[in-house]
Structures are given as C-alpha cells and as structure tokens.
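Structure record follows, encoded as structure tokens.
None of the figures in this text is laboratory data; all of them are computed from the coordinates on show. Just so you know, these numbers come straight off a predicted model, no measurement behind them. Cβ: placed from backbone, ideal geometry, glycine included. Neighbour counts: every protein chain shown.
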Amino acid sequence: MSHKSFVLIATLVVNVLIDSGNAWTARGCVDLDSSTFDKVTSKFRYSLVKFDTAFPYGDKHEAFTNLALATVEATDDLLFALVGIKDYGEQDNADLGKRFNIPKEYPVIKLFMGDSKEPIDFPLGEEMTSENLRKFLKRNTDLYIGLPGCVQALDELALKFMSTDDATERQTIIVDVERAEQGMEELDPTKKSYQMYLSLMRKVVKSIQPPMDVISEEMQRVEKLLSEKLSDAKKAELKLRINIMLSFSVLNSALKYERTEL
C-alpha cells in the first residue's frame, strides 16, 4: 500500500470514528500499542504521541485531544496518537515505556518524524496546554500550525521575507502587507495582527543585525515584559506578538519556503 493510500485510509477511519462516536480513548486520536506503534507512525511525516496512563483524564489530556480535534482535517501529514501504559496486570505497553524512557510522571509527549528513531520531547517544564502544543509543533515541523493572532497568508509572507537576502524583495513584501492593512476596516479583528507583522518586518529591515538575531532579541524583550506586572489586555497583546514572531522562525522559514518553491 502506498503512503498516500495509507494516510487517506487512516484519515477516513479517524473521521468515521469521530462522526460515529466510537469509544476510542479520545476523538481525533489513534490508540497505539506495541504491535502497531512502528507500523502506524512510520507512515506519517509527523506523529505527536502522548504516553499516559491506560485511562487518561484531566486538563493535560483535554489539551492534547482538543488540539487533535482542531487539526484533524488540516493536514494528512500529522497523526495524534495515544499510548496507554499499565504498570499492573498484563503490563500493557510497558515495553514501549521502557523503549522510550517514559517516566511514571505521566503524561509525556514526544514528536516522531517518519522512520526517525529519535523523537523530540515536549519540554517537561512547560505547561501542557493546547497553545503550547501548537507552538511546539510550529517550532519543530514545517506544517502550518496556526496560533492565536496569526494569519496564514501573512505567515507565508513572513517565511518568504526571512528566506530572502534581497532587500528589494523584502521591501516589496512590506509594501504589499501595508496596502492590505490600509484597505481593511478598522474593526477587522485581524488588522492588529497585520500591524504586528509589519512592525517586525520593519525592525528587520532597519537593523544591521542578521534577521533572526533581530527576532530573537525582540522575543527576549517581550518575554521579559511578560514577567512584569501588566494588565490582562497588555499581556494578551504581547502573547499574540510572540505567536507571530514564531512565524518568522528559521526552521519554519527554511523548510516551508523550500517546500513551497518545489
């Protein structure tokens, strides 16, 4: 069976289960065990896997499954999977827990990439929320993972902007975004996002530093501000700015723009 056919069948199965309400551990996710883990994950470019107790529940579980549902139709290249580990009875999937060095402080989330045997760990000290999981995927894949405040068309322009060394091309992108922003209604909820993208692009153009250094310094500045006493509205605005800065990241720029050009 070809990769494309396997992905199509797997996606259809997940969608059928979602629509019919069949009782897998969670809607939008695939349950894996020792006999299916390698066969299934190797067929997808990316698999986000949550290792947990056999009967997971709570905020962290909901954060994972909510993101799975939100992105299930967005791409065929990303699988959300669950591995339930039992440390009693028949010790179901305990071998997978041992294989991937899963501590008993569940849940643990790892990102697998195709046939790669070295997954990327979701940071243990980071709060496991849907937004942080989105950011984790955005940092470590070339998939489009929209974050609050982000606009897909502008994300694509940000990637193109960071991928070129041509000053004229960068200025052309800025002008295009400026024209689009000026033509928007004042009450358009995305207008503020356009202004944030433009602000970052202008900072890069005006600076003599390498573009990613400019973005990194701005990220550090905003994160420092967030540690101070601010109104809820200001904190929310700064968090949106951080989300947009992630669209300028080197990993996503290099991979996504290269894929677009092919």
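Can you compute the FRET efficiency between THR53 and GLU127 using 1/(1 + (r/R0)^6), with r the Cβ-Cβ distance and R0 = 25 Å? Round to the nearest 0.05.
Using R0 = 25 Å, I get an efficiency of 0.80.
Cut-off 10 angstrom, C-alpha nodes, Gaussian network model of the chain. Which of SER130, SER199, SER207 fluctuates the most?
Between SER130, SER199, SER207, it is SER207 that shows the largest mean-square fluctuation.
Would you mind getting me the FRET efficiency between THR190 and MET113? Use the beta-carbon distance for r and R0 = 30 Å, nearest 0.05.
Using R0 = 30 Å, I get an efficiency of 0.40.
Would you calculate, for the chain, the mean residue ellipticity at 222 nm contributed by helices, counting each DSSP H stretch of 4 or more residues as -39,500 (n - 2.57) and dividing by all residues, to the nearest 500?
-17000 deg cm²/dmol
Sort the following peptides by mean Cβ neighbour count (other Cβ atoms within 10 Å, averaged over residues), highest first: 68-74, 224-230.
Result, highest mean first: 68-74, 224-230.
Could you tell me which helices of the chain pass both thresholds, a Cα extent of 24 Å or more along their own axis and a mean Kyte-Doolittle hydropathy of at least 0.5, with helices taken as whole DSSP H runs?
Length and hydropathy pass: 3-20.
Using R₀ = 22 Å, calculate the FRET efficiency as 1/(1 + (r/R₀)^6) where r is the Cβ-Cβ separation of GLU90 and ASP38; round to 0.05.
0.60
Take the alpha-carbon centre of the stretch 141-165, take the same for the stretch 184-244, and report the distance between them in whole Å.
14 Å
Quick one: work out Rg over Rh on the C-alpha atoms of the chain, Rh as Kirkwood radius.
1.01
How high is the relative contact order of the stretch 37-135, in percent, with contacts defined as C-alpha pairs under 8 Å that are six or more residues apart?
40 percent
At 0.36 nm per residue, and after removing the present C-alpha to C-alpha distance, how many nm does the segment from MET219 to ALA153 gain when stretched out fully?
Extending this stretch completely gives an extra 21.6 nm.
Among the lysines, select those whose C-alpha is under 26 Å from the C-alpha of LYS234, and discard any that sit fewer than 8 residues away in the same chain.
LYS135, LYS138, LYS191, LYS192, LYS203, LYS206, LYS224
How charged is the neighbourhood of PRO210? Take every other residue with its Cβ under 11 Å from the Cβ of PRO210, and add Lys/Arg as +1 and Asp/Glu as -1.
Once all neighbours under 11 Å are counted, the net charge is -3.
Tally Lys and Arg at +1 and Asp and Glu at -1 over the other residues with C-beta under 11 Å from the C-beta of LEU48: what net charge comes out?
Residues close to LEU48 contribute a combined charge of +3.
Run down the lysines and flag those whose C-alpha is under 17 Å from the C-alpha of LYS104, throwing out any fewer than 8 positions away in its chain.
LYS50, LYS60, LYS86
Tally Lys and Arg at +1 and Asp and Glu at -1 over the other residues with C-beta under 13 Å from the C-beta of GLN182: what net charge comes out?
Around GLN182, the surrounding residues sum to -4.
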